[in-house]
Amino acid sequence: MKKRLLLLIVAVLATMSALAGCGSNTPADSNAANGTEQGGKTTEDVKSFNMVLRHIHIRDTAKKSLEILQQTVKKTESDVPGLTFVLDGVEDAVNRDVKLKAEMAAGTQPPVFSLFGGADTRNYSKAGRLLPLNDILKELGIADSFFDLREFTVDGQIYGLPESGYIEGFFYNKKLFEQAGAKVPTTWDELVSAMELLKAKGITPIAMGAGSGDGWVVNMLVNSMFVALGGPKLQEGFATGATKWTDPAVIETFKRIQMMVEKQYIDPNVLGLKFPQGQANFYTGKAAMLFDGSWAVNAISGESSTVKDDTGFFRFPDVGGPGDGYINGGWSNGYGFSATVKDQELTAVKAFIKNFYNQENQKRTLIETSQIPSMKGISDVQGANALIQTIGEAQGSAKGAFPAFDSLVQPKVKVTLEATMQQLLGGKIEPEKAAERMQKTQDEANAESK
């Protein structure tokens with residue numbers, strides 16, 4: 001599946017025309033301002049109701065994102081008579097892999113919740129748990145306002161809306177690179193050389209925290225590596241059987257990760273650190289590189305950072321494979337809505353979408369949280385972080401983009417790769433055995449999907 005080349009962010013934002021009316025603050029029901037709702041009922045006649053809204057903005061680095069959400073909630077409550085939102089903040093992996101999965105199985109999902117595109121959206125929509133949004137988006141006039149809804153679209157129906165976009169790659173400390181005499185790598189050999197020079201100076205080359213529950217962190221690097229070596233079609237074929245986890249590109253990826261651990265290019269305490277701790281080791285200057293998503297800009301530019309003025313970004317270097325020049329990026333993390341919402345709740349869902357997905361919030365997303373907007377039309381980028389503009393340049397120079405592998409495979413495959421890579425980081429499994437385990441799980445998942 002050929003992926004559309006993601007455009008240079010700053011250029012896109014500067015050239016797309018503003019969407020008329022999307023930033024309007026008009027209440028979802030204009031009669032609410034007069035103390036009535038549609039049909040002539042007074043607000044005293046309206047039945048009060050609560051709606052749970054599950055979000056993942058619980059870390060200190062997500063305070064600005066939470067603030068935008070809270071203000072949207074307050075505005076929506078004022079627009080919808082009787083509505084009270086109950087915010088339920090849950091850590092990302094716990095929401096996706098534990099709570100939401102169990103709720104979807106039981107049919108007890110909250111009315112509004114953080115949703116991942118790809119396989120999660122496909123599975124939950126086929127189970128009848130997700131609210132189709134096509135008609136709502138048309139009603140609100142924003143059906144064509146998003147950059148890309150492919151990961152939330154199943155059989156032509158849209159089931160979720162991305163909160164923001166992302167790309168993944170290497171953040172690097174310019175001062176530490178200069179201190180070690182290392183240059184920004186464009187090839188694998190140059191990356192290895194840079195890591196060796198940094199290590200020789202007593203500098204940890206790559207910060208990473210992939211301890212208990214955070215095995216997904218190393219998989220960002222793994223994903224970019226096996227696509228570089230095998231091309232985007234490699235990961236597109238796992239769930240169809242067209243390709244295998246035992247293919248040479250995957251085994252070579254596992255071998256390179258093993259080498260990076262053995263040479264201590266990756267933080268030797270990688271399994272003793274959680275994701276935020278590994279990230280902090282970069283933005284406090286204790287390591288020279290961090291492989292992460294563009295969402296990390298918020299932490300790197302935050303109050304606790306000592307490297308905010310010394311950080312650059314480069315995409316995964318070329319390895320001589322068919323995936324050279326591609327970058328991991330897309331719009332896959334956002335909000336979904338329960339198919340079981342009642343009439344009052346449906347009114348609230350529409351008001352929430354209108355109040356959250358508009359030009360004002362999209363501009364705030366770019367400037368205040370340094371994340372890539374999910375909607376078109378922002379022409380004024382004054383105040384945007386310089387690092388996010390650098391990321392835009394890396395994105396714009398890429399040959400194309402590919403989605404995260406876990407949007408293409410079944411959830412059990414994702415979970416198995418996390419556990420398997422933690423074992424590889426800990427020296428508990430060999431690359432070939434790791435590949436065999438992954439293929440066994442993939443075969444099982446494919447059989448279950450038939």
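Taking only protein heavy atoms into account and a 1.4 Å probe, give the accessible area per residue of segment 109-182 in Å². Write out the running numbers ahead of the final one.
Values: 2790 Å² over 74 residues.
The answer is 38 Å² per residue.
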(request) Between residue 127 and residue 45, with labels modelled 7 Å along Cα→Cβ, what's the label distance in nm to one decimal, could you check? (result) 4.0 nm
(request) Obtain the nm distance between the two label points defined at residue 87 and residue 174 by a simple spin-label model: each point lies 7 Å from its Cα along the Cα-to-C-beta direction. (result) 3.5 nm
(request) Quick one: order 295, 331 from most to least accessible surface, probe 1.4 Å. (result) 295, 331
(request) Mind grabbing the accessible area of residue 58 for me, 1.4 Å probe, Å², rounded to tens? (result) 80 Å²
(message) Cut-off under 16 Å on the C-alpha distance; same-chain residues fewer than 8 positions from residue 74 excluded. Which aspartates and glutamates are left, in chain and number order?
(response) 29, 88, 345, 360
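In debye, nearest 20, what is the charge dipole magnitude of segment 293-450 about its Cα centre with +1 on Lys and Arg Cβ and -1 on Asp and Glu Cβ, if you could check?
That gives segment 293-450 a dipole magnitude of about 400 debye.
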(request) Sort segment 36-136 into rounded, prolate or oblate with this rule: let a ≥ b ≥ c be the square roots of the eigenvalues of the Cα gyration tensor; rounded if a/c is under 1.5, and if a/c is not under 1.5, prolate when a/b is larger than b/c, oblate otherwise. (result) oblate
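Within the accessible area of segment 300-450, what % is carbon and sulfur when the probe is 1.4 Å and the other protein chains stay in place?
On the way: 2590 of 5660 Å².
Summing carbon and sulfur atoms, their accessible area is 46 percent of the total for segment 300-450.
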(request) For residue 444 and residue 432, compute 0.36 nm times the residue count separating them, minus their Cα-Cα distance, and round to one decimal in nm. (result) 2.5 nm
(request) Working from Cα positions, state the angle (0 to 90°, nearest 10) between the long axis of helix 343-356 and the longest principal axis of the chain. (result) 50 degrees
(message) Report the Cα centroid-to-centroid distance between segment 338-404 and segment 407-450 in angstrom, as an integer.
(response) 32 Å
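Set the Förster distance to 25 Å, then compute FRET efficiency between residue 71 and residue 304 from the Cβ-Cβ distance, nearest 0.05. Intermediate values should be presented prior to the final figure.
Values: r = 24 Å, r/R0 = 0.96.
Rounded to the nearest 0.05, the efficiency is 0.55.
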(message) Could you check the spin-label model distance between residue 78 and residue 135? Points 7 Å from the Cα along Cα→Cβ, value in nm.
(response) 3.0 nm
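Roughly how big is the chain's charge dipole about its Cα centre, with Cβ charges of +1 (Lys, Arg) and -1 (Asp, Glu), in debye to the nearest 20?
Working: 47 positive and 52 negative charges, 85 e Å.
So the dipole magnitude of the chain works out to roughly 400 debye.
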(message) For a test of the definition: using alpha carbon positions, the gyration tensor, and the 1.5 limit on a/c, classify segment 191-329 as rounded, prolate or oblate.
(response) prolate
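Report, in debye and to the nearest 20, how large the dipole of segment 366-438 comes out about its Cα centre when Lys and Arg carry +1 and Asp and Glu carry -1 on their Cβ. Don't skip to the end; give the middle numbers.
On the way: 7 positive and 8 negative charges, 50 e Å.
Here the size comes out at about 240 debye.
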(message) Expected output is a single nm value to one decimal: the length gained when fully extending between residue 412 and residue 98, i.e. 0.36 nm times separation in residues minus the C-alpha distance. What is it?
(response) 111.8 nm
(message) Leaving ligands and nucleic acids out of the surface, order 76, 416, 61 by accessible area at 1.4 Å, largest first.
(response) 61, 416, 76
(request) For the chain, report the translational diffusion coefficient in µm²/s to the nearest whole number, using Stokes-Einstein at 25 °C, 0.890 mPa s, and a Kirkwood Rh over Cα pairs. (result) 107 µm²/s
(message) Need one value: the accessible area of residue 259 in square angstrom, 1.4 angstrom probe, rounded to the nearest 10.
(response) 50 Å²
(request) Quote the accessible area belonging to residue 199 in square angstrom, nearest 10, computed with a 1.4 Å probe and with ligands, DNA and RNA left uncounted. (result) 80 Å²
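A 18 angstrom limit on the alpha carbon distance is what I want to check against. Which of 263/428; 101/126; 63/363; 64/274; 175/286 exceed it?
Values: 263/428 16 Å; 101/126 14 Å; 63/363 16 Å; 64/274 22 Å; 175/286 12 Å.
Violating the 18 Å Cα-Cα cut-off are 64/274.
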(message) Computing the accessible area with a 1.4 Å probe over protein heavy atoms, can you report the carbon and sulfur percentage for segment 131-285?
(response) 49 percent
(message) As I understand it, the dipole of the chain uses +1 on the Cβ of Lys and Arg and -1 on the Cβ of Asp and Glu, about the Cα centre. Which of 331, 217, 235 lies farthest toward its positive end?
(response) 235
(message) Given a 10 angstrom Cα cut-off, can you work out which residue in 370, 114, 212 is the most mobile in a GNM of the chain?
(response) 212
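Per DSSP H run of at least 4 residues, take -39500 (n - 2.57); add these up for the chain, divide by its residues and hand me the 222 nm value, nearest 500 deg cm²/dmol.
On the way: 17 runs with 184 residues, N = 450.
So the helix-based figure for the chain works out to -12500 deg cm²/dmol.
The values are calculated or read from the model by the stated rules, or taken from the named source; none is laboratory data. In this text the structure is predicted, and so the values were computed from the model without any measurement. Positions of Cβ are generated from backbone atoms using ideal geometry, with glycine treated the same way; all protein chains shown enter the neighbour counts. We work out accessible area using only protein heavy atoms, side chains counted, and drop any ligands, DNA or RNA first. Shrake-Rupley method; radii C 1.70, N 1.55, O 1.52, S 1.80 Å.
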